[in-house]
Amino acid sequence: MKLKWGQTHWNNMNQKKLIREAQKMYSAIISMESVLKMIGTTEGNNPFWGESGSAGRALNKSRQIIRPLEKKYGDDYQMYGNFYRYANSLLFEGEEKWEICPKCGKMIGSISDIGKKCTESFGGKKDCLGIMRELKWKDLEPVNSITPLKGKE
Ligand SMILES: [Zn+2]
């Protein structure tokens, strides 16, 4: 399908798909800003990092997206960050895959305990009968969430 002037490939998406796209781009911007800040700290004297340098301008753009959200959501920003920590595993290929116990909501990343009993999994809950499985979107949705994300490991 050829786009007309002013059209984007987002124009015909439903709201759910559009939100996923926004989450994906926002998550990528957070990751890229983090890397830019890290590199900029060591190479800050290079004009590349100045206001008119391409790295400086890229960092400025990411700040214009992220800072208003941090300002608006304040303390909830941490919960927002938690969401993305787990959502990254669903939004992107090659990201750390999170697993969850569907009974108690315990989540783990970095290691694979899929199919193991929660009690035998890393940091497992005593007496839990759950079996570890891959994290799914429904686990992150407030209505179906097994457990609130705030403060989860
Ligand atoms: Zn469990």
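Annotations
- Looking only at the range 83-107, residues that are of a type in the set (Gly, Ala, Ser), in contact (Cβ under 8 Å) with a residue 40 or more places away in the chain and assigned to a loop (DSSP other than H, G, I, E, B) come to 1 in all.
- Subset of the range 13-72 that is within 30 Å of residue 141 (Cβ to Cβ) and of a type in the set (Ser, Thr, Tyr) - its residue that is surrounded by the fewest Cβ atoms within 10 Å (Cβ to Cβ): 34
- Taken together, the residues in the range 125-138 that are within 11 Å of the ligand (Cβ to nearest atom) and free of Cβ contacts under 8 Å to residues at least 24 places away in the same chain amount to 2.
- Qualifying residues in the range 113-139 (those that are small (Gly, Ala, Ser) and surrounded by fewer than 13 Cβ atoms within 10 Å (Cβ to Cβ)) - the one nearest to residue 97 (Cα to Cα): 115
- Qualifying residue in the range 109-117 (condition: at negative phi, not assigned by TED's automatic domain parsing to the domain that holds residue 21 and not in a loop (DSSP other than H, G, I, E, B)): yes
- In the range 80-124, the residues that are more than 16 Å from the ligand (Cβ to nearest atom) and of a type in the set (Asp, Glu): 93, 95, 96
The values are calculated or read from the model by the stated rules, or taken from the named source; none is laboratory data. Note that this is a predicted model, so its numbers are computed, not measured. A quick note on method: Cβ atoms are made from the backbone with ideal geometry, for glycine too, and the neighbour counts reach across all protein chains shown.
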